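K.L.:
If you scroll down you'll find the structure; I have some questions about it.
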Amino acid sequence: MLLCGDVSAQRKTKKKTTPTTPPPQTELTKLRDEYVRLTNEYKASLGKLLPFYENDVKRAEEKLEQSKKLLAEGLIARAQVEENEHALAIAKEKINETNRQMANAEGQIAGVLVETEADEEIAKNLKLAKRGLIRTSSFTRFTGAGGWNLGDAWKIQRFFSDTFNKQLPIAVFGQGAIHDRWRLDHHNAMDIQLHPDGAEGQALLNFLQKNGIPYSAFRSAIPGTATGPHIHIGRPSHRY
Ligand SMILES: [Zn+2]
């Protein structure tokens, strides 16, 4: 299916250079074309971001070195060094995250599409929006007990690796290029590449619910593809 997408993308590019009358489009082909176009654009934009993130890591490293010296001279507290260590870890994670996103661009786009769809569905139904736990055929949303912070992601990662002896498949950690582009606030959220109805997905959702961590679990896929289903941890991303 993805191969089909690539072919239609090439056709589309050719069309741009020699414009002809486009054939009438159905909703489905429109969506698929849009999906392919966004995916290609997104991949290109991610590549441009890497040098900036590498620069951030360099700056965070320098800041950490500086604070270690100040600590040695007794001028600052140990906590400040730890804060800088944490900042460096986050800056490095941003690079890992970008590489993951580039490898998995189709999945990211599909994820944003289904998240936006769910938001629209809830926006139309205020009664639904007030519930702590919403279940529809395409998604489940749990409001949680508040207080979730992306800095606590390690607790979820540890639970998952302890239970399944493998790493939590994080597809998106925090704000990605695609969210910037769509003006979605995803800073305090991460997307896990698991189908919510699978054994691992179910175990993860149970853990999140037990710990009062907000999540949205998406079952729907982009028509004609297998991409879309995932688990979003954190509050829903709102447009800004
Ligand atoms: Zn998400």
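The values are calculated or read from the model by the stated rules, or taken from the named source; none is laboratory data. It should be emphasised that the depicted structure is a prediction, and the values quoted were computed from it without experimental measurement. Note that we place each Cβ from the backbone using ideal geometry, even for glycine, and neighbour counts take in every protein chain shown. Ligands, DNA and RNA are stripped out before the accessible areas are found, and what is left, the full protein with its side chains, is counted by its heavy atoms. Shrake-Rupley method; radii C 1.70, N 1.55, O 1.52, S 1.80 Å.
K.L.:
Leaving ligands, DNA and RNA out of it, work out the accessible area of Asp162 with a 1.4 Å probe and give it in Å² to the nearest 10.
P.N.:
Result for Asp162: roughly 110 Å² accessible.
K.L.:
Restricting to Cα pairs below 8 Å that are 6+ residues apart, what does the relative contact order work out to for segment 129-240? Please round to a whole percent.
P.N.:
Reported as a whole number, the value is 31 percent.
K.L.:
Can I ask one more? For segment 104-182, what relative contact order do you get, as a whole percent, if you take Cα pairs closer than 8 Å and at least 6 residues apart?
P.N.:
27 percent
K.L.:
With every protein chain kept in place and ligands, DNA and RNA left out, what is the accessible area per residue of the chain? Probe 1.4 Å, answer in Å².
P.N.:
Value for the chain: 58 Å² per residue.
K.L.:
A further question follows. Give me the accessible area of Ile76, 1.4 Å probe, in Å² rounded to the nearest 10.
P.N.:
40 Å²
K.L.:
So, with +1 on the Cβ of K and R and -1 on the Cβ of D and E, and no other charges, what is the size of the charge dipole of segment 62-140 about its Cα centre, to the nearest 20 debye?
P.N.:
340 debye
K.L.:
Roughly how tilted is helix 27-72, in degrees to the nearest 10 and between 0 and 90, from the longest Cα axis of the chain?
P.N.:
Value to nearest ten degrees: 10.
K.L.:
Which whole-angstrom value gives the distance between the alpha carbon centres of segment 160-180 and segment 45-74?
P.N.:
Measuring centre to centre over Cα atoms gives 23 Å.
K.L.:
Is the shape of segment 145-240 rounded, prolate or oblate, going by the alpha carbon gyration tensor and its root eigenvalues a ≥ b ≥ c, with a/c under 1.5 for rounded and a/b larger than b/c for prolate?
P.N.:
oblate
K.L.:
Rounded, prolate or oblate: pick one for segment 54-141, where a ≥ b ≥ c are the square roots of the eigenvalues of its C-alpha gyration tensor, a/c under 1.5 means rounded, and failing that, prolate if a/b is larger than b/c, else oblate.
P.N.:
oblate
K.L.:
Let me ask something additional. What's the Cα-based Rg to Rh of segment 179-224, Rh via Kirkwood?
P.N.:
1.03
K.L.:
Springs between alpha-carbon pairs under 10 angstrom, Gaussian network model over the chain: which of Ser161, Ser45, Ser216 fluctuates most?
P.N.:
Result for the chain, Cα springs under 10 Å: Ser161 fluctuates most.
K.L.:
Tell me what the chain gives for mean residue ellipticity at 222 nm when only DSSP H runs of n ≥ 4 count, each as -39,500 (n - 2.57), the sum divided by the residue total, rounded to 500 deg cm²/dmol.
P.N.:
Mean residue ellipticity at 222 nm (helix-derived): -20000 deg cm²/dmol.
K.L.:
Among Thr26, Gln167, Pro214, whose Cα sits farthest toward the positive end of the charge dipole of the chain (+1 at Cβ of Lys/Arg, -1 at Cβ of Asp/Glu, about the Cα centre)?
P.N.:
Looking along the dipole axis, the top candidate is Thr26.
K.L.:
Also, I was wondering about something else. After finding the eigenvalues of the alpha carbon gyration tensor for the chain, what semi-axes result from the square roots of 5 times each, listed largest first in whole Å?
P.N.:
With the √(5λ) rule applied to the chain, the semi-axes are 35, 26, 15 Å.
K.L.:
Here's something else I'd like to know. Could you work out what % of the accessible surface of segment 119-240 is carbon and sulfur, using a 1.4 angstrom probe and leaving DNA, RNA and ligands out of the count?
P.N.:
50 percent
K.L.:
Sticking with this structure for a sec: Quote the charge dipole size of the chain about the Cα centre in Debye, to the nearest 20; the model charges only the Cβ of Lys and Arg (+1) and of Asp and Glu (-1).
P.N.:
Computed charge dipole of the chain: roughly 600 debye.
K.L.:
Turning to a different aspect of this structure: Apply the Karplus curve 6.51 cos²θ - 1.76 cosθ + 1.60, θ = phi - 60°, to the phi angles in segment 179-187 and return the couplings in whole Hz, x for Gly and Pro.
P.N.:
Ordered by residue, 3J(HN,Hα) equals 6, 4, 5, 8, 6, 10, 8, 10, 4 Hz.
K.L.:
In the chain, if the dipole is taken from +1 on Lys/Arg beta carbons and -1 on Asp/Glu beta carbons about the Cα centre, which of Leu50, Leu126, Gly228 is farthest to the positive end?
P.N.:
Going by the Cα projections, it comes out as Leu126.
K.L.:
Let me ask you something else. About the Cα centre of segment 171-220, what is the dipole size in debye to 20, counting +1 per Lys and Arg Cβ and -1 per Asp and Glu Cβ, all else neutral?
P.N.:
Charge dipole, segment 171-220, about its Cα centre: 80 debye, nearest 20.
K.L.:
Report relative contact order for the chain in percent, whole number only (criteria: Cα-Cα under 8 Å, sequence separation at least 6).
P.N.:
19 percent
K.L.:
May I pose another question? To the nearest 10 degrees, how steep is helix 2-17 against the longest Cα principal axis of the chain, on a 0 to 90 scale?
P.N.:
Relative to the chain, helix 2-17 is tipped by roughly 70 degrees.
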